[in-house]
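The values are calculated or read from the model by the stated rules, or taken from the named source; none is laboratory data. Source: prediction; values computed, not measured. Glycine also receives a Cβ, built like all others from the backbone with ideal geometry; neighbour counts cover every protein chain displayed.
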Amino acid sequence: MNMAFNVLKRDAGLIGIDFGFSSVKVLGLSNDDSPVIARMGQIEFPDTIRDDVNERLAYAREHLSSLISRLRLTGARAACSIPASRTVIQHLQVPRCEDSQFEQNFREQFAATAGCDLNSIVLRHIVIDGEHRRSQSQCEVIGIAVSRDLVMKLVELAKACRLRPVAMHAEPLAVLRAFDHITQHRTDDELTTVYLDIGAGATKVLIAHGRSPVFAKAIPVAGRQFDQRACEQVGGDLTLARKHRLASSTFMRTDGVGQPQATHDGRDSAAVAARRQALHARADAAPSNTVSRELTAAVAERCAGNLPPEMRSPDIRHAPQADLADPLAVDLTELLDTLTDDISMCLRYHQSKYPERRIDRAIFLGGESVCADLCQYVAKRLRLRAHLGDPLARLSRHPNMKGEGIPPAQAYPGWAVPLGLCVSPTDL
């Protein structure tokens, strides 16, 4: 039997729609005991609208309906993700009491901490109540809130695309559901995993004990900030800067000199012009992520034991090092150091709450994790045993699979959210 989802109660006919920062992803699985990918589509957002969630939703409303029709998903039941940038996550200590009073205390405490009106949000919570904490007077609670207006817009958008919306889930929780099957044994409850989803708009940090989430946070350092830094260094628009960044063999400058600057009259200096010309030539000549894919392949060759296919390496810290002597590389070290500092604070918070548990592994996900040397840098800074994740690796493609807007790739780390939505419970 295919073990991909035999430990989950999968809702037959449910499709996942991920309203991300850079694109909308649609995923549908076959309706049988051994599901395979039957439908897979993606719509990229123009760079000019990515910073405005309302413009992204308007663009999706204009183009998603035709994609749903071409994928033959009209009338399907849909689970949607809530954009991470519009999700508020708070960790609270709530006194123990009767259930009804507990709910009221939690809501009041969340409103006071987050500074929001309870009538204008949809609020859910996860109570973290391990055996070692039940004797304490307070319990740890993760509160997750989203604007009620945004939820209604997503529902209306799905209906406009002739879908039946039946669930809404926060991105970090959908990621966790996509990897439930790698913690299906009883002893896996003792495993502590940190999922690092480095996407286009934010980096989502989720820490889980087995399948149970115990920490979640979104950090506003991700692909968009990397592109803006690249744009500052190489000039041009964000699309071109991203192309240069992904075509570079590394993300660090090691030539011993500072970045060439423009002249005071606004014109490019000779050094800037030469650098830009060289970057144009490289970006046009090499496909995106060439070096990262080579590194990923080298890592996979060193894979040993019974490691699940979704975890593409035993430990990327020991992978072959990328070339760090590239004078044309975009320097992201400052941003990555900021990101790792924020992740370190998340890990320290977890350690303070659960001193008896250590982080056993990190799994890198999200579109930016195709840059394997970037993940390697973060893993080494955090001193974590880390893996490159590919949530779709276990699933085969249906012989008649319909797909659109999906570039060929060796791995699809950015598809954890739509896969998790396909196997999450309905809640609307």
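Does E171 satisfy being touching a residue at least 12 places away in the same chain (Cβ under 8 Å) and crowded, with 17+ Cβ neighbours inside 10 Å?
yes
Please go through the stretch 28-54 and give me each residue that is in a loop (DSSP other than H, G, I, E, B) and under 20 Å from L163 (Cβ atoms), ordered by number.
At the first step, the residues of the stretch 28-54 found to be in a loop (DSSP other than H, G, I, E, B) are 30-36, 45-46, 50-52.
Matches in the stretch 28-54: S30, N31, P35, F45.
In this structure, is L57 assigned to a helix (DSSP H, G or I), within 26 Å of D427 (Cβ to Cβ) and in contact with a Cys (Cβ under 6 Å, 6 or more places away or on another chain)?
Values: assigned to a helix (DSSP H, G or I): yes; within 26 Å of D427 (Cβ to Cβ): yes; in contact with a Cys (Cβ under 6 Å, 6 or more places away or on another chain): no.
For L57, the condition - assigned to a helix (DSSP H, G or I), within 26 Å of D427 (Cβ to Cβ) and in contact with a Cys (Cβ under 6 Å, 6 or more places away or on another chain) - is not met.
Of a type in the set (K, R), surrounded by 14 or more Cβ atoms within 10 Å (Cβ to Cβ) and at pLDDT below 90: is that true of R361 in this structure? Reasoning before the result, please.
Details: of a type in the set (K, R): yes; surrounded by 14 or more Cβ atoms within 10 Å (Cβ to Cβ): yes; at pLDDT below 90: no.
No: the conditions fail for R361.
In this structure, does A216 turn out to be under 21 Å from R357 (Cα atoms), buried (at least 22 other Cβ atoms within 10 Å of the Cβ) and at pLDDT 95 or above? If you could, list the steps in order and put the result at the bottom.
Details: under 21 Å from R357 (Cα atoms): yes; buried (at least 22 other Cβ atoms within 10 Å of the Cβ): yes; at pLDDT 95 or above: yes.
Taking the combined requirement at face value, the residue satisfies it.
Looking for whichever is loosely packed, with under 15 Cβ neighbours inside 10 Å, in contact (Cβ under 8 Å) with a residue 60 or more places away in the chain and of a type in the set (S, T, Y) here; the options are T48, T74. Which one fits?
On the way: T48 fails: in contact (Cβ under 8 Å) with a residue 60 or more places away in the chain.
It is T74.
Being surrounded by fewer than 19 Cβ atoms within 10 Å (Cβ to Cβ), modelled with pLDDT under 95 and not in a helix (DSSP H, G or I), is that true of even one residue in the stretch 12-27?
Yes: one or more hits.
Looking only at helices (runs of 4 or more DSSP H) that fall completely inside the stretch 320-428, which ones have 2 or more residues that are out of contact with any Gly (no Cβ under 7 Å at 6 or more places or on another chain) and farther than 26 Å from I182 by Cα? Let's see the steps before the verdict.
Details: elements: 333-353, 372-382, 416-422.
Where helices (runs of 4 or more DSSP H) fall fully within the stretch 320-428 and carry at least 2 residues being out of contact with any Gly (no Cβ under 7 Å at 6 or more places or on another chain) and farther than 26 Å from I182 by Cα, they are 333-353.
Scan the stretch 123-133 and tell me whether some residue there is buried (at least 20 other Cβ atoms within 10 Å of the Cβ) and part of a loop (DSSP other than H, G, I, E, B). Walk me through it before giving the result.
Step one: list which residues in the stretch 123-133 are buried (at least 20 other Cβ atoms within 10 Å of the Cβ), which gives none.
No, there is no match, as no residue in the stretch 123-133 is buried (at least 20 other Cβ atoms within 10 Å of the Cβ) and part of a loop (DSSP other than H, G, I, E, B).
Just name the residue that is surrounded by the most Cβ atoms within 10 Å (Cβ to Cβ) out of those in the stretch 184-200 that are in contact with an Asp or Glu (Cβ under 7 Å, 6 or more places away or on another chain) and assigned to a loop (DSSP other than H, G, I, E, B).
Ranking the candidates gives G199 first.
Here is a yes/no grid of residues against (1) in contact (Cβ under 8 Å) with a residue 40 or more places away in the chain; (2) under 21 Å from V214 (Cα atoms):
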site	(1), (2)
L57	yes, no
S66	no, no
R70	yes, no
C97	no, yes
S100	no, no
A112	no, no
D117	no, no
